[in-house]
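Only the coordinates and a few stated rules stand behind these numbers; no lab work does. Because the structure is a prediction, the values reported are computed rather than measured. Note that we place each Cβ from the backbone using ideal geometry, even for glycine, and neighbour counts take in every protein chain shown.
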Amino acid sequence: MSSKHQKQFMDEALIEQPAVEDHEGAWPSLLTIIGFAFLTFNSFMAVYRSNGDVGAIFFVVFSYLDLVLLFYCLRQYERTPPESPRREHIKMAVWLLTTLLTAAFSYKVAAIMPLPVQVLVWAMAGATVLGGFYAFFIHQEKTRLDPPKA
């Protein structure tokens, strides 16, 4: 079997698989709970060790809330049916939250770097944000169901 036909066979097998059923209101997994507990503990410790630095406290609180909202939106995106118009709104929220988090971390990193590295950090952040926008909203992957014509 040629690699082209093998890839098509694998694509068809993936398309035919049933969707994973998700029960409304189901509890998150134990690993998710442990991850959020770890994130919360580290955030509290960062605020405690900030010695009252308002900028550091704001950064930690902002990052924590952004991540919690991001994971919530991702969960909602997974649960929303593919044909729902709500899914596009959630996708926009996910992009916006990741953009804000990228900007916040880039700001903190660039603040301690020399000017040439600051330019590089912001260029990489810009490329990440624009690449994410392209991947989320412009690029449309075409799924081919027909066999290729010879």
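What FRET efficiency comes out for the pair residue 107/residue 27, r = Cβ-Cβ distance, R0 = 25 Å, nearest 0.05?
FRET efficiency, residue 107 to residue 27: 0.10.
Within the set of other residues whose C-beta is less than 15 Å from the C-beta of residue 42, count the net charge using Lys and Arg as +1 and Asp and Glu as -1.
In short, 0.
If you take the beta carbon distance between residue 39 and residue 137 as r and set R0 to 35 Å, what does 1/(1 + (r/R0)^6) give as a FRET efficiency, to the nearest 0.05?
Efficiency at R0 = 35 Å is approximately 0.80.
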